[in-house]
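Engineer: Let me begin by handing over the structure; questions about it come next.
The values are calculated or read from the model by the stated rules, or taken from the named source; none is laboratory data. Keep in mind it's a predicted model, so treat the numbers as computed, not measured. Cβ sites come from the backbone with ideal geometry, for glycine too, and all protein chains shown count toward neighbours. Protein only, heavy atoms only, side chains kept; ligands, DNA and RNA dropped before computing areas. Shrake-Rupley method; radii C 1.70, N 1.55, O 1.52, S 1.80 Å.
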Amino acid sequence: MSDVEPAELLDDEARNRIATDLRRRLAVDAGAGSGKTTWLVERIVSLVSDERLPMASIAAITFTEAAAAELRLRVRRTLADRAAENPSLLAAAREVDDAAICTIHAFALRVLSEHWLEAELPPNIEVLDAANEHLDHKTRWQRFTTALLDDPAATSTMVRAFAAGLRMSHLSAVGHAMVNHHDRLTASVLASLENERRSAAEPAVDVTAVIGHLERAVAFLPRCTDESDKLCDHLQSTATLALARLRPLIGSDDEATVISVLDKLPRLSATKIGRAPNWTIGIAQVRDACAAAEDQRKATLAAVRESVVSDLAWRIARWSVESADARRDEGRFTFHDLLVESWRLLRANADIREAVRDRYRCLLIDEFQDTDPLQAEIAHLIGDPSEEAELARLFVVGDPEQSIYRFRRADIAQFETTVERMDERLSLTSNFRSVPEVLRFVDAVFARLLDGTDDPAVTHRSLSPVRAGNRETSAGPAVAVFGGPHDEGLARDVRSRSTTEVAATVRSVVLDAWSVHDQGSPRPARFGDVAVLLPTRTSLPMLERAFDDAEVPYRLEGATLVWGSQDVRDLLAVVRAAHDPADPIAVVAALRTPALACGDDDLVRYHAAGGSWDPRSAVTSVLEAGDPVVGAMARLAELHERRMWMEPSALVGHVLTELHFFELALVHRRPRDHWQRLRWVLDQVRAFDEARGGTLGDFLDWVDLNEEADRWGSSLGPPEADDDAVRVMTIHG
């Protein structure tokens, strides 16, 4: 792969077509670093300058609010810069906010708000953020499960379900999945589920067949010549014990007990154990009898579970649809509801569809590889050509290799399907971001990852570098590979080694003055030039410790990481113990925080002296008055009393002040980072008090919901200009 000068780009024709071919629907494959946003801006500017299209009639859909803000800024700046040559563009620059440059959910909200009467919606639509969506789901789910357990018609199903090992957490996962896909639960699907429910009659639960196979297997015991044989031991222990449990259940009317016993039996089969020379009969006959008993046990339980699942699936599906209808009537929509309602409205009402087409004459969609089928159908309902359209209504750009939202129903194949419906497909293959060595590394990695893949939608396209390669005068390698497979040892040890290697590599980037090209000029790397991406926050505590040990400054970005930081976890541990002093795990976790400063030796001594883990209980007289655990328990008992008279925000503020959390941050190299996190938590609890309110327990439930909802959340704010620190964030963040 050779260097390519910017004036000789291999994809110049495609770039020019994006900006000038405004009458054809184009789908653009834009590789990483290919400048797709620049050319998306160019197409918008061309629509305004060449076609005199008002900004208000343009819709540009981005995947995130941050991307939408950046796109608006760049469009406004480009229009203003070119106003010297074309004065009419200055007015367009002032009207950029009139354009629908926003996320797909914000665009759907626009459509519904503009046509709320035709859609039979309340005039004011409330959009639930992620945390409130979780809370709404939790509230509705609790009502549903309470009604389910009280419903006489569901009693038999629930008894069988619990006896067969079902847990309410299993049902909750099913309910959450159905709510997230309630648009697929059409009338025909519900009818099909109801038919399956009716046809799946409750099977008779009989242990006779299982007992028969076990008795046949145990009857072979005299044919074993070696009592130490493992198959013999299996018959004497497992099979005999199973018979002892099952025989009293013959003819029993207590189906719950029968099902529970069958579910809790150990595995009855013995496929590979035992030695043939130790048996005077073919060992296969013994094994076959054990296998038949296990197969019969599984078949009986499977029939029970199938009847349970068919009934519960219908009930949960019906509840999911009813919940969506209730939210619609209340005008309280989730992000997914916005898409579903706008899609239904556009599909069902031709007049509104034409009105939206007249309102938004051009629809441009960025990051189309992460668009799910529902979003794609909305785009086609608006953007498909009509006879009177002079301009191409639809333009999409994306890169299937960068799809990261499959968990949100995004489908790489969707991009390919859309391309087939467009007029033409273009490709941007010049990379402005990376040096050739990086692109060669990427080519090698993807060639290995995609080796043997037969999915035509998953292909790797090599990109041509615009930047020059690493020169001998440049410090640091173009690509540094460190670490390697960690297949041995405990997961904790593996994470410790991995994070230590990350910290050492980051430190070498700065100390060895690796080169960074900033606006074309090379300079030594700073810590602020480095980002560390985490798939999850599991390894965050060890990464923080490794950075501290290596004296590497770092900044956590994204709410999910801040909730998981050690100082915030310590604060919440104290608050949880104050809320529920009867929970010994919460109390011990609070005692071990720096704020209460009880060492493990203190806790062992306290426990050995007979001390209770409930702060409200009397302390044994054996302990000294100055014992650190005794003093810490008294503080927790005081906080537990205060929680009755203080709002959650006041109590959290009291904990921060009285237990000296801000002062404790001074032991760290960058205390202001820790102060920022603690102040952020205080802001969150104040927002909770103002927006929702409730008890301390309600706030802790709200925190749990936020931690889940903020997994894909945004940063707490941009880094300060003088803050030279590594930025740590999740991959999605």
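Engineer: Could you pull out every one of the lysines with an alpha carbon less than 29 Å from that of Lys264, ignoring same-chain neighbours closer than 8 positions?
Structural biologist: Lys230, Lys272, Lys298
Engineer: Here's something else I'd like to know. Over the range 632-698, what number does the Rg to Rh ratio reach, with both radii from the alpha-carbon atoms and Rh per Kirkwood?
Structural biologist: Using Cα coordinates only, the ratio equals 1.02.
Engineer: Antiparallel versus total DSSP beta bridges in the chain: what percent is that, nearest 5?
Structural biologist: 15 percent
Engineer: Where Lys and Arg each count +1 and Asp and Glu each count -1, what net charge lies around Leu149 among other residues with Cβ under 15 Å from its Cβ?
Structural biologist: Every neighbour counted, the sum reads +1.
Engineer: So, with a 1.4 angstrom probe, what is the percent of accessible area on the chain that is carbon and sulfur?
Structural biologist: 51 percent
Engineer: Loop-only check: which trypsin sites (Lys or Arg not before Pro) in the range 152-249 are DSSP coil with at most 11 other Cβ within 10 angstrom?
Structural biologist: Within the range 152-249, the qualifying trypsin sites (Lys or Arg not before Pro) (loop, at most 11 other Cβ atoms within 10 Å) are Arg167.
Engineer: Another question, then. Averaged over every viewing direction, what's the projected area of the C-alpha convex hull for the range 9-151? Give it in nm², one decimal, please.
Structural biologist: Value for the range 9-151: 13.3 nm².
Engineer: Using Cα-only point scatterers and the Debye equation, what is log10 of I(q)/I(0) for the range 509-592 at each q in 0.18 Å⁻¹, rounded to two decimals?
Structural biologist: Log-scaled intensity ratios, in q order: -0.88.
Engineer: I would also like to ask the following. Using only the Cα atoms of the range 575-688, what are the Rg and Dmax in Å?
Structural biologist: Both quantities, over Cα of the range 575-688: 15.0, 45 Å.
Engineer: Okay, moving on. Normalised radius of gyration for the range 513-650, please: alpha carbon Rg relative to 2.2 N^0.38 Å, two decimal places.
Structural biologist: After normalising by residue count via 2.2 N^0.38 Å, the value is 1.47.
Engineer: Now, a different point. Loop by DSSP (not H, G, I, E, B), at most 12 other beta-carbon atoms within 10 Å: where is the longest site-free stretch of the chain for GluC sites (Glu not before Pro)?
Structural biologist: That would be 228-386.
Engineer: Starting from the exponent 0.38 and prefactor 2.2 Å, build the expected Rg for the range 122-257 from its residue count and divide its actual Cα Rg by it.
Structural biologist: 1.67
Engineer: Over the chain, with the other protein chains present, what is the accessible area per residue in square angstrom, probe 1.4 angstrom?
Structural biologist: Using a 1.4 Å probe on heavy atoms only, each residue of the chain averages 49 Å².
Engineer: Quick check for me: using +1 on Lys/Arg Cβ and -1 on Asp/Glu Cβ, what's the dipole size of the chain about its Cα centre, in debye to the nearest 20?
Structural biologist: My answer is approximately 1020 debye.
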